[in-house]
1. Restricting attention to the range 47-63, report how many residues are more than 60 Å from the chain's Cα centre (by Cα) and either farther than 21 Å from residue 8 by Cβ or free of Cβ contacts under 8 Å to residues at least 24 places away in the same chain (or both).
2. So how many residues does the range 170-184 have that are part of a helix (DSSP H, G or I) and either closer than 14 Å to residue 318 by Cβ or over 25 Å from the mean Cα position of the chain (by Cα) (or both)?
3. Restricting attention to the range 85-105, does a residue exist that is crowded, with 16+ Cβ neighbours inside 10 Å, at pLDDT 85 or above and closer than 30 Å to residue 238 by Cα?
4. Inside the range 203-247, can you point out the residues that are free of Cβ contacts under 8 Å to residues at least 40 places away in the same chain, on the phi < 0 side of the Ramachandran plot and in a loop (DSSP other than H, G, I, E, B)?
5. For residue 192, state whether it is farther than 26 Å from residue 228 by Cα and without any contact (Cβ under 8 Å) to a residue 60 or more places away in the chain.
C-alpha cells in the first residue's frame, strides 16, 4: 500500500494480498459496497477483480479523479483523507461527577427500612377471661384520671389502644421534640447529617433521603408523658435540596421532612397506677392477646425549610420547634 501511494507501482486489476484487502475495506467504509468480493462474516477476498475496479472508478469519479480503476497516489491520498475524517473521535464530553456518598444520606426518595419488636404476640390469640374483661372496663373508666397521672399524650395513646381498632395513630411529633431533650438533640443531629450531605452536591435540585433510621428513647426523667406514650422509636429525614452558585458562593435550600415510626406495644419493665389500679406490661399485653385491646403503628412527621450559605450554620430560628398541642 505504501508503494502504491507512491505510484511504485499502483494497485490495479489482477493484484492480490493485504494491500488490496485494505483498499477494499476503505471503499466499503466510505460507502462503496463490494457484495461480490465480500465473503462470509464480512471478510473481503483481497482480490483486485472486476468489481473492485468498477467500484474504485465510482469513487474516483465522485471525487473528481481520473476514473481509471487504478489505485495510485492521488486516489489513495483522497481515500486516506476521507477515512481519517470519518474516524475522528467525538468531541470530549466530561462524564458527570459521581454522586456523593456519606454513611447517613444518599440521593433518592422514599423511607429507609425500619422494623419494630415483636410486641405481645398475635391479637385475639387467647381466650377472653372475665377477670380481664372487668379489669379492662375499670381501666377505661379511669382513663380521664390518666391525663393527670401519666400525661395527655400517654393517655390518648392508651385510649387508642383500648379502642381496639389497631388503626395507625399520628403522634404529636413536634410536641415530643419540644418537650424531650434527647428527642430535640436527635432532630438536630439528623438535620446536621442532611446539611453535610447537601453541601457535597453540585449546583441544581436534588432529592435526598436517609440511608437508615436512627433510634431514640424517651426517658422518664425527661418526660413521664412521652416515656409512657412512646418509649423507644425510630426517626429519619429526607427532602428536596437546591444548590446555587451566586457570585462564586454556594447557597443552599433544603425542604426537609422529619419522620417518625414506632409500634405501640408493651415492653417489659413498665408499670403505672391509674385510679388505684396498677397497670403492668403483663396486663397490657394480655389485653391484646385476648382481643380486648389492640397494638397499633404510631407515625409522625413535620416539615422545615432551611437556608444557609457555604461555611455557615443553619440559623437557630429555623431549627426551632414550637410547642405541641395547645
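The values are calculated or read from the model by the stated rules, or taken from the named source; none is laboratory data. Note that the structure is predicted; figures quoted are calculated from it, not measured. Ideal geometry is used to build each Cβ from the backbone, glycine not excepted, and the neighbour counts take in all protein chains shown.
1. Within the range 47-63, residues that are more than 60 Å from the chain's Cα centre (by Cα) and either farther than 21 Å from residue 8 by Cβ or free of Cβ contacts under 8 Å to residues at least 24 places away in the same chain (or both) number 4.
2. Number of matching residues: 10.
3. yes
4. The answer is 219, 220, 221.
5. So residue 192 fits the description; yes.
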